[in-house]
Amino acid sequence: MAASSSLFSSSMHVKVFAPKVPTFSEDFIVCHRKISCMEPGYSTSKCCPNSRFLSIKMSSKEDQMKKTCQRNGIPCRALKIEQTTSFSPGLKFHLDDVIEAQQFDRDTLNAIFEVARDMENIEKNSHGSQLLKGYLMATLFYEPSTRTRLSFESAMKRLGGEVLTTENAREFSSAAKGETLEDTIRTVEGYSDIIVMRHFESGAARRAATTAGIPVINAGDGPGQHPTQALLDVYTIEREIGKLDGIKIGLVGDLANGRTVRSLAYLLAKYKNVKFYFVAPEVVKMKDDIKDYLTSKEVKWEESADLMEVASECDVVYQTRIQKERFGERVNLYEAAKGKYIVNQDVLKVMQSHAVVMHPLPRLDEITVDVDADPRAAYFRQAKNGLYIRMALLKLLLVGW
């Protein structure tokens with residue numbers, strides 16, 4: 001969201017006899033239109049063109065606050081800093097948009113999951129919730145989607161909001177006439193309160209968020225990221241396995257083009273003693289940027305060609321389809337990768353009794369249909385959890401904690 005009515009505090013609440021200024025526990029990029037919280041070393045935000053940027057690394061918080069006031073022309077005569085929580089009821093959600101997995105820390109994830117559990121109770125027990133009555137959500141999907149688009153629309157309607165939707169914006173919107181993404185966003189934000197967008201280009205969600213004055217949620221941007229899928233995946237793992245620290249997870253299939261596994265790796269790296277196994281055909285192996293990120297966070301990972309061995313070790317086997325649409329005219333490479341790793345009854349036999357099979361869906365032939373009857377097949381429960389996570393995000397972005 002490119003504009004905000006007030007600044008926020010990530011871990012500190014600031015009382016100042018002047019306009020509010022923020023304090024931060026991590027690296028932040030600050031400008032007069034927007035604040036983006038990014039992990040140190042991974043701040044790639046391009047928000048607020050033609051704006052003045054101020055990069056803050058907190059050391060002495062009070063001194064830094066005073067310098068911030070002075071450099072921004074704010075008279076700072078009295079300053080008091082007191083501890084509080086960012087997740088108290090009634091407070092504004094501290095993220096303006098949901099663009100990538102690196103935006104979230106463990107405390108925020110835990111708090112979002114608590115809200116998701118509340119949303120589950122609303123969905124099951126409180127038909128006709130009016131929590132988001134009067135709000136309009138626009139869904140802009142430039143690529144096909146079933147679960148993501150419908151779960152967002154269901155989430156909005158179950159909370160009393162309304163939906164404006166375009167199912168294939170690439171073909172049936174003004175994009176087909178050559179309209180830029182930025183012009184589309186400027187137009188659509190005039191009709192709605194929040195935008196959920198899926199795009200075929202990596203980085204498109206960040207461009208949209210830079211342009212928009214309302215919240216933008218990335219529902220997948222090409223081979224880039226899919227943060228809401230990663231949130232529901234982590235939520236599902238916690239519910240199915242009972243923990244997140246110390247798990248072993250095998251990521252299987254198209255790891256080069258799979259935005260879901262990229263975002264999931266970023267999120268699970270925040271937990272202790274997690275180990276990743278990458279099982280993929282040679283042409284779609286996990287990219288080096290994810291491996292480098294995990295190494296930088298001292299997260300263990302290894303590559304394997306043996307799905308059976310990995311399945312016997314893991315708490316989670318996370319299968320993905322080989323994405324034909326990412327291969328273009330390289331049909332021969334797609335055919336070489338397709339069908340190489342399949343989760344079937346043989347894989348189930350070597351899996352531990354508590355382990356689960358997950359899949360972001362849709363599937364083709366990479367999980368055989370007879371696996372569905374096994375209680376360890378969690379992928380349809382996983383899809384259902386997407387509703388609760390997306391209800392939680394809409395609630396937080398529009399009305400706060």
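The values are calculated or read from the model by the stated rules, or taken from the named source; none is laboratory data. The structure presented is a predicted model; accordingly, all values stated were derived computationally and were not measured. Cβ: placed from backbone, ideal geometry, glycine included. Neighbour counts: every protein chain shown. Areas reflect the complete protein model, heavy atoms only, side chains present, ligands, DNA and RNA absent. Shrake-Rupley method; radii C 1.70, N 1.55, O 1.52, S 1.80 Å.
Data for the structure
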{"item": "First in the stretch 141-154 and hydroxyl-bearing (Ser, Thr, Tyr), second anywhere and in a helix (DSSP H, G or I) and surrounded by fewer than 19 Cβ atoms within 10 Å (Cβ to Cβ), Cβ under 6 Å, 6 or more apart", "result": "Tyr142/Arg170"}
{"item": "Residues within the stretch 345-355 that are part of a helix (DSSP H, G or I) and either in contact with an Asp or Glu (Cβ under 7 Å, 6 or more places away or on another chain) or among the aliphatic types (A, V, I, L, M) (or both), tallied", "result": "4"}
{"item": "Pair list, Cβ < 7 Å and 6+ apart or interchain, from the stretch 298-323 residues that are under 17 Å from Asp254 (Cα atoms) to residues that are buried (at least 16 other Cβ atoms within 10 Å of the Cβ) and among the hydroxyl-bearing types (Ser, Thr, Tyr)", "result": "Glu302/Tyr277; Ser304/Tyr277; Leu307/Tyr341; Val310/Tyr277; Thr320/Thr260; Ile322/Tyr334"}
{"item": "Restricting the stretch 195-218 to residues that are touching a Phe, Trp or Tyr at 6+ places or on another chain (Cβ under 7 Å) and open to solvent by less than 30 Å² (accessible area, probe 1.4 Å), the residue that is farthest from Leu255 (Cα to Cα)", "result": "Val196"}
{"item": "Counted residues, the stretch 279-293 - those being buried (at least 21 other Cβ atoms within 10 Å of the Cβ), free of Cβ contacts under 8 Å to residues at least 60 places away in the same chain and not β-branched (Val, Ile, Thr)", "result": "1"}
{"item": "Residues within the stretch 115-147 that are modelled with pLDDT under 90, within 28 Å of Asp221 (Cβ to Cβ) and assigned to a helix (DSSP H, G or I), tallied", "result": "1"}
{"item": "Residue under evaluation Lys395, criteria (1) among the charged types (D, E, K, R); (2) over 25 Å from Thr228 (Cα atoms); (3) touching a residue at least 12 places away in the same chain (Cβ under 8 Å), criterion not met", "result": "(2)"}
{"item": "Any hit, the stretch 326-348, residues being free of Cβ contacts under 8 Å to residues at least 40 places away in the same chain and under 17 Å from Ile241 (Cβ atoms)", "result": "yes"}
{"item": "Thr260 vs. criteria open to solvent by 10 Å² or more (accessible area, probe 1.4 Å), in contact (Cβ under 8 Å) with a residue 60 or more places away in the chain and within 12 Å of the chain's Cα centre (by Cα)", "result": "yes"}
{"item": "Per-region count, the stretch 103-130, residues closer than 16 Å to Phe93 by Cα and more than 16 Å from the chain's Cα centre (by Cα)", "result": "1"}
{"item": "Test: Asn273 is touching a helix residue (DSSP H, G or I) at 6+ places or on another chain (Cβ under 8 Å) and either open to solvent by 10 Å² or more (accessible area, probe 1.4 Å) or not aliphatic (A, V, I, L, M) (or both)", "result": "no"}
{"item": "Subset tally (residues that are under 22 Å from Gln225 (Cα atoms) and either in contact with a helix residue (DSSP H, G or I) (Cβ under 7 Å, 6 or more places away or on another chain) or in a helix (DSSP H, G or I) (or both)) for the stretch 303-317", "result": "2"}
{"item": "Conditions (1) modelled with pLDDT under 95; (2) farther than 27 Å from Val299 by Cβ; (3) not basic (Lys, Arg); number of the one not met by Gly203", "result": "(2)"}
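Residues are listed down the side, and each one gets a yes or a no for (1) touching a strand residue (DSSP E or B) at 6+ places or on another chain (Cβ under 8 Å); (2) in a loop (DSSP other than H, G, I, E, B); (3) open to solvent by 10 Å² or more (accessible area, probe 1.4 Å):
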residue	(1), (2), (3)
Pro223	no, yes, yes
Arg239	no, no, yes
Gly246	no, yes, yes
Ile249	yes, no, no
Leu255	yes, yes, no
Leu264	yes, no, no
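Okay, residues lined up against (1) of a type in the set (Val, Ile, Thr); (2) at pLDDT 95 or above; (3) part of a strand (DSSP E or B):
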position: Leu267; (1), (2), (3): no, yes, no
position: Phe276; (1), (2), (3): no, yes, yes
position: Val283; (1), (2), (3): yes, no, no
position: Trp301; (1), (2), (3): no, yes, yes
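Quick grid of which residues meet (1) open to solvent by 10 Å² or more (accessible area, probe 1.4 Å); (2) closer than 27 Å to Ile195 by Cβ; (3) not in a loop (DSSP other than H, G, I, E, B):
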residue: Val357; (1), (2), (3): no, no, yes
residue: Asp370; (1), (2), (3): yes, no, yes
residue: Ala383; (1), (2), (3): yes, yes, yes
residue: Tyr388; (1), (2), (3): no, yes, yes
residue: Leu393; (1), (2), (3): no, yes, yes
residue: Leu398; (1), (2), (3): yes, yes, yes
